[in-house]
Amino acid sequence: MARLTWTRPRAWTAVAGALLVTGVYGLATAPPAGAVTTTVVQGDQAAPGSVSHATCPQGTHLIGGGFDMGNVTVDPSTNTPQPVLLTINAPSAQQADTWLAGATGAGGATAFALCESQ
């Protein structure tokens, strides 16, 4: 009994699909090793109700960010943490390459920006 294997049409389909994607979107290339540098920038410690700003240095751009709430204060009469409300944790719409963080209650918030350079 002979066994038939038909692989060429699938291979052509895959190659044609890859050529179409490559022609439309270009080749996906990675930068050379060591060419990309990431840096974390810490913003100022904002007082409760204020906003902390962390801005990337010149020659870099913002790729992400976050925050730190600092010390949470505890109500001594009930031994429970005071309520804290995070008011913002996002990139700035007004300042380029800047991450914002703000909170009410406790010790406020500190923004952190993740910056990248090539």
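The values are calculated or read from the model by the stated rules, or taken from the named source; none is laboratory data. Quantities reported herein were computed from a predicted structural model and do not represent experimental measurements. Cβ sites come from the backbone with ideal geometry, for glycine too, and all protein chains shown count toward neighbours.
Miscellaneous remarks
- Of all residues making up segment 51-93, the number that are closer than 22 Å to C115 by Cα and at pLDDT 85 or above: 24
- Test: residue in segment 1-11 that is more than 22 Å from A103 (Cα to Cα), small (G, A, S) and at pLDDT 75 or above: no
- The set of residues in segment 80-118 that are in contact with an Asp or Glu (Cβ under 6 Å, 6 or more places away or on another chain) and on the phi > 0 side of the Ramachandran plot is empty.
- Subset of segment 94-107 [loosely packed, with under 15 Cβ neighbours inside 10 Å and of a type in the set (A, V, I, L, M, F, W, C)]: A96
- Selected residue (criterion: farthest from F67 (Cα to Cα)) from residues of segment 103-117 that are assigned to a loop (DSSP other than H, G, I, E, B) and aliphatic (A, V, I, L, M): A106
- Residue satisfying all of: in segment 59-93; surrounded by fewer than 11 Cβ atoms within 10 Å (Cβ to Cβ) and over 18 Å from the mean Cα position of the chain (by Cα); nearest to T110 (Cα to Cα) among these: N71
- Residue among A113, A47, A109 that alone is out of contact with any strand residue (DSSP E or B) (no Cβ under 8 Å at 6 or more places or on another chain) and in contact (Cβ under 8 Å) with a residue 60 or more places away in the chain: A47
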